[in-house]
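A short write-up of the structure that comes next.
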């Protein structure tokens, strides 16, 4: 009768045997010479001491966590009572804090979410109108050889308002454009320079260019907002293939740098 051989099992056994032969085996301590045996025994004791020290070191930084966990899981009657009192105290503090906030809130001029949205829309409308006035103004005074903006008389636009945060709601996706250029030419006709690095151009590169000239840190969302606001649109995808807008930047010395920005989608 012919016996069937499981070739896969045989190959597996051979592979394990080969691996065992190729892997260096650590001799038993008893097979070492007397001096080596003594060194291993002494080192093993020292290693145990070192591990104990390390355990204590690691616990030192987590004492607060260890205490909290121990209190939370303790079944000691006294600790259980303390735990219940602590929970009641926290609840009382939360209730008193809420009561105080409810009492004070009506006395503060804190706008609601609906009011914030309305304020945000109003801000955008007024800022757009002022920027439009500035475009006409700069072109008009340039005829007399004056390098002025209307903001030299009205003051700069107020800082970033506390309205809807950047990135919230629809229409706030980061614009993907082909190139962003800028110029300080009053009419926005000549002297264009592309804001770019490594062949890529974006609003982020424009911020870096503005910073080199003004030393003022800006947000890309501010530029996005000025762009869409002056175009009178909400979605960047509705912008024409090539569009322009103005953006003033006042540096730390009070000098206003007036830029025209040209965006190619």
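The values are calculated or read from the model by the stated rules, or taken from the named source; none is laboratory data. All values reported here derive from a predicted model rather than from experimental measurement. Cβ sites come from the backbone with ideal geometry, for glycine too, and all protein chains shown count toward neighbours.
Residue-wise test of (1) in contact (Cβ under 8 Å) with a residue 12 or more places away in the chain; (2) part of a loop (DSSP other than H, G, I, E, B).
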| residue | (1), (2) |
| --- | --- |
| 68 | no, no |
| 110 | no, yes |
| 124 | yes, no |
| 146 | no, yes |
| 152 | yes, no |
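When 20, 43, 52, 36 are checked against the criterion of being in contact with a helix residue (DSSP H, G or I) (Cβ under 9 Å, 6 or more places away or on another chain), assigned to a helix (DSSP H, G or I) and either at negative phi or modelled with pLDDT of 80 or more (or both), a single residue qualifies: 36.
Within the range 182-220, can you find the residues that are within 22 Å of residue 148 (Cβ to Cβ), under 22 Å from the mean Cα position of the chain (by Cα) and at pLDDT 90 or above? Passing the criteria: only 210. The set of residues from the range 227-245 being out of contact with any helix residue (DSSP H, G or I) (no Cβ under 7 Å at 6 or more places or on another chain) and assigned to a helix (DSSP H, G or I) comprises 227, 231, 237, 238. Spot the failing condition for residue 176; the list is (1) part of a loop (DSSP other than H, G, I, E, B); (2) under 26 Å from residue 129 (Cβ atoms); (3) touching a helix residue (DSSP H, G or I) at 6+ places or on another chain (Cβ under 9 Å), and only one is missed. Unmet for residue 176, out of (1) part of a loop (DSSP other than H, G, I, E, B); (2) under 26 Å from residue 129 (Cβ atoms); (3) touching a helix residue (DSSP H, G or I) at 6+ places or on another chain (Cβ under 9 Å): (2). The number of residues in the range 112-122 that are in a helix (DSSP H, G or I) and loosely packed, with under 10 Cβ neighbours inside 10 Å comes to 2.
Every residue in the range 202-226 that is assigned to a loop (DSSP other than H, G, I, E, B) and within 26 Å of residue 136 (Cβ to Cβ), please. Steps first, answer last, please.
Taking the range 202-226 as the starting set, the residues that turn out to be assigned to a loop (DSSP other than H, G, I, E, B) are 202, 215-219.
Selection gives 216, 218.
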